[in-house]
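Shown next, in C-alpha cells, is the structure this report addresses.
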Amino acid sequence: MASSSNSPCAACKFLRRKCQPECVFAPYFPPDQPQKFANVHKVFGASNVTKLLNELQAHQREDAVNSLAYEADMRLRDPVYGCVGVISLLQHQLRQLQMDLSCAKSELSKYQNLGITGHGLIAAAAAATHHHQQNFGINLIGGGVGSRDHPFHHQFFPSNQQQVIRSFDGENGYDAISVIQGYWGSRRPAHA
C-alpha cells in the first residue's frame, strides 16, 4: 500500500520505481526515512528483502524490518563485527559485573559469619585496610591498577568497537562507553 500522501515509499523512491498500492515496502519504509532503506538495500539487497518479507506473515514483517535495519546500520558502522561486536561487549560486561557481585557477596558473607561486635569490628576493619594496602602495593609494582595479578583483570574490546557503540548510543542520548569507562576505568590493564 502506498503512503497516504501519494508520495512513494522510501524503497520505491530509492529504486526509482512507482510505488504500487500493494507495495511490500511501503508500511515499513516511509518516505521520510530514506536512509533506513538505503542501508538495508546496501547490506542485504532489495530483492532478498522482498523475498524475506513475502515469506513472512503480516504480523512478523515489522519486527523483521526493524531487525534488518538495525543489523544493516551496525554492519555499515562496523563492517567486521556488526551487531555481534556490541552483543559481545555487553556479554563481557555482564560477566564482569556478575564476577564483581560474586566477590562482593563473598566478602559480605565473611563479615556476616564473623558476628562482628565492637572489638571484632575494629579487627575486621584493620584487616581489610591491610589487605587493600597490600593489593595497592602489588598493583604499583606489577604495572599499575589492573595488573595481571589483580583479580578484576580483563581485556576490553578494540577501541574501534567502543567507538561504534559510542556513536550508536549517542544517537539515543545514552553513552554506554562513558558509563563503562567510568565504572571500569580504574580496572583497565596497564599498557606496556
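Here are the numbers for the structure shown:
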{"read-out": "Compactness of the stretch 10-77 - radius of gyration and Dmax, Cα, Å", "value": "11.1, 34"}
{"read-out": "Sorted by Cβ density within 10 Å, fewest first, the residues 77, 16, 61", "value": "16, 61, 77"}
{"read-out": "Net length gained if the chain between residue 67 and residue 92 were fully extended (0.36 nm per residue, minus Cα distance)", "value": "6.8 nm"}
{"read-out": "Neighbourhood charge, 12 Å Cβ-Cβ cut-off, centred on residue 38 and excluding it, Lys, Arg +1 and Asp, Glu -1", "value": "+2"}
{"read-out": "Environment charge at residue 29 (Cβ cut-off 14 Å; Lys +1, Arg +1, Asp -1, Glu -1)", "value": "+2"}
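No value in this document is a laboratory result; all are computed from the given coordinates. No experiment lies behind these values; they were computed from the predicted model shown. Glycine also receives a Cβ, built like all others from the backbone with ideal geometry; neighbour counts cover every protein chain displayed.
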